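The values are calculated or read from the model by the stated rules, or taken from the named source; none is laboratory data. Quick caveat, the model's predicted, so the values are computed rather than measured. Positions of Cβ are backbone-derived with ideal geometry, glycine not excepted, and every protein chain shown enters the neighbour counts. Quick note on the areas: whole protein, heavy atoms, side chains included, nothing else; ligands and nucleic acids left out. Shrake-Rupley method; radii C 1.70, N 1.55, O 1.52, S 1.80 Å.
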Amino acid sequence: MNKGFLLVISGPSGVGKGTVLHDLMNTQENLVYSVSATTRKKRDGEIEGVSYFYKSHEEFEKMISEDKFLEYAYVHNNYYGTPKDFVEKKISEGKIVVLEIDVQGAVNVKNNTDNAVFIFLAPPSLSELKNRIVGRGTETENDINLRMNNARKELQYIKYYDYLVINDHINSAINSVNEIINAEKHKVFREEDFNIKEILDE
Ligand code: 5GP
């Protein structure tokens with residue numbers, strides 16, 4: 001079995017992480033998506049246990065005190081966190097576990113594990129990002145402004161990531177992320193199935 005690893009994908013709200021990941025989950029073998037817990041309200045079309053596990057503030061804080069999170073952060077006035085048990089189980093099964101998390105969460109993961117690959121998905125410009133968020137039609141004007149302010153701050157974190165992918169054209173962004181995953185899968189230290197002794201003894 002090859003070694004599993006964490007694939008952390010961040011980028012401003014509206015940049016297209018969902019679209020890229022949806023495609024990857026259908027095409028890349030061995031990938032599993034880590035469903036986060038959040039205190040944010042469910043949006044139309046989202047599904048409990050698929051999009052997020054929706055929690056009250058009290059429930060979320062209880063989970064924090066019980067050490068149930070690999071990482072968590074307070075983003076856009078809500079808690080978001082990665083449940084630890086699922087991630088640990090899947091990594092031990094040799095899976096690539098995808099974490100779609102914010103920049104604070106990514107920094108926490110970076111400080112706590114050496115088995116993660118970090119990709120930042122950036123918009124071609126901030127005006128294009130705003131068009132995409134407005135076009136989604138799910139946020140109030142206040143929310144849109146909050147998300148745009150956060151986008152400015154999030155872009156400052158690119159330096160902590162291993163890879164930068166600009167989502168100018170969705171298909172080329174998807175291709176780039178696929179290439180990164182394929183390259184990371186073939187890192188020598190992850191190729192546990194490869195037995196040099198067997199080949200030399202042939
Ligand atoms: P949204 O409300 O648009 O679904 O997500 C808002 C932000 O929270 C996004 O940047 C998303 O990546 C981030 N996020 C989602 N789940 C988690 C998580 O488990 N941990 C952290 N740190 N951020 C998360």
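At Tyr157 and Phe189, where each label point lies 7 Å from the Cα along Cα→Cβ, what is the point-to-point distance in nanometres?
2.3 nm
When only Cα pairs under 8 Å and 6 or more residues apart are kept, what is the percent relative contact order across the chain?
Worked out over the chain, it gives 32 percent.
Based on the mean of other beta carbon atoms within 10 Å per residue, what is the order of 7-19, 163-175, 111-123, most packed first?
So the peptides 7-19, 163-175, 111-123, ranked by packing, come out 7-19, 111-123, 163-175.
Taking 7 Å along the Cα-to-C-beta vector as the label spot, tell me the Arg43-Asn131 distance in nanometres, rounded to one decimal.
Those two pseudo-labels are separated by 1.9 nm.
Pairs to check: Lys41/Lys90; Lys17/Lys90; Lys3/Lys89; Lys90/Lys187. Give those whose C-alpha atoms are more than 24 Å from each other in this structure.
Working: Lys41/Lys90 28 Å; Lys17/Lys90 22 Å; Lys3/Lys89 13 Å; Lys90/Lys187 19 Å.
Long pairs (Cα-Cα over 24 Å): Lys41/Lys90.
Quick check on the range 1-45: what does the Kirkwood estimate of hydrodynamic radius come out to from the alpha carbon pairs, in Å? Before the final figure, lay out the partial values.
Numbers: mean 1/r = 0.0776 Å⁻¹.
Across the range 1-45, the inverse of the average 1/r is 12.9 Å.
In the full protein assembly as shown, how much of Leu200 is accessible to a 1.4 Å probe, in Å² to the nearest 10?
We get 130 Å² for Leu200.
Per-residue HN-Hα couplings for the range 187-198, Karplus 6.51 cos²θ - 1.76 cosθ + 1.60 at θ = phi - 60°, whole Hz, x for Gly and Pro?
Coupling constants for the range 187-198: 4, 3, 5, 9, 8, 6, 6, 7, 10, 4, 5, 4 Hz.
Which value in deg cm²/dmol, rounded to the nearest 500, describes the helix-derived mean residue ellipticity at 222 nm for the chain, given -39,500 (n - 2.57) per DSSP H run of n ≥ 4 and division by the residue count?
For the chain, the value works out to -13000 deg cm²/dmol.
Take the Cα radius of gyration of the chain and divide it by 2.2 N^0.38 Å, with N its residue count; two decimals is plenty.
Rounded to two decimals, the normalised Rg is 1.08.
What aspartates and glutamates could a cross-link reach from Lys110, if we take a straight Cα to Cα line under 20 Å and drop same-chain neighbours fewer than 8 places away?
Partners found: Asp67, Glu71, Asp85, Glu88, Glu100, Asp102, Glu154, Asp162, Glu184.
Work from the charge dipole of the range 1-84 (Cβ charges, +1 for Lys and Arg, -1 for Asp and Glu, about the Cα centre) and give the residue of Ser36, Tyr74, Ser51 farthest towards its positive end.
Selected residue: Tyr74.
Given the C-alpha centroids of the range 58-77 and the range 123-202, what is the distance between them in whole angstrom?
After rounding, the separation between the Cα centres reads 24 Å.
Extending each Cα 7 Å along its Cβ direction at Thr138 and Leu164, get the distance between those two points in nm, one decimal.
The modelled label-to-label distance comes out at 2.7 nm.
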